[in-house]
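To keep things clear, I will list the structure first and then write my remarks on it.
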Amino acid sequence: MRTLCLVAATLALLSLPAAAQEPRSAILNPAVGACLKQYGDLNAECLMDAREKSDEDVERVYKNKLSELTVFDNSTWWMASKAQQSAMISAFKESQGLWLTYRDSYCRAATTPVAETKSLGAALAGCVINMNQQREQEILRVKADLTFEDY
């Protein structure tokens, strides 16, 4: 039985996608790569546009979720109260502010190796875009209507 469990665990690990085995770089991003390929060293405007679009996307997802949390009918919660819902909204808002600080600090750290080079703009844009995309997924996982059946 122990051997069977060991074989099953080994097969499960071997079937993991390559991304789970080797993390992708924090700064590499397809949109940034496209800017570099299309514009070469004259990529500043393209990078700025890509980053602004990403910032707008994460802000839109955040605002949509905030609106969803605000209008949610909490009567489906066990022993629900308006204060409970308000606390959730406050925590969500706080998490976004803290996340923005974290993102900027993380990207400063991730781009340190290229800080004094012409690659800094592309590296920073790539990092911010990647972090924004991850944050969008995190925001979408916040559910006001979570129930026991969801487990």
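Among the trypsin sites (Lys or Arg not before Pro) within the stretch 67-151, those in coil by DSSP and having at most 10 neighbouring Cβ atoms inside 10 Å are LYS118, ARG141.
Where Rh is the Kirkwood radius over the Cα pairs of the stretch 24-143, the temperature 25 °C and the viscosity 0.890 mPa s, what D in µm²/s does Stokes-Einstein return?
154 µm²/s
Work out, step by step, the length gained on full extension between ARG24 and ARG108: first 0.36 nm times the residue separation, then minus their alpha carbon distance; give nm to one decimal. Write out the running numbers ahead of the final one.
On the way: separation 84, 0.36 × 84 = 30.24 nm, distance 1.73 nm.
Extra length from ARG24 to ARG108 when fully extended: 28.5 nm.
Subtracting the Cα-Cα distance of ARG141 and ASP41 from 0.36 nm times their residue separation leaves 32.2 nm of extension gain.
Ordering of 42-51, 83-92 by packing is 42-51, 83-92, highest average first (other Cβ atoms within 10 Å, averaged per residue).
Within a straight-line Cα-Cα reach of under 23 Å, LYS143 can be paired with the following lysines, leaving aside sequence neighbours fewer than 8 residues apart in one chain: LYS63, LYS65, LYS82, LYS93.
Here, each number is a calculation from the coordinates, and none is a lab measurement. Note that this is a predicted model, so its numbers are computed, not measured. No Cβ is skipped: glycine too gets one built from the backbone with ideal geometry, and neighbour counts run over all protein chains shown.
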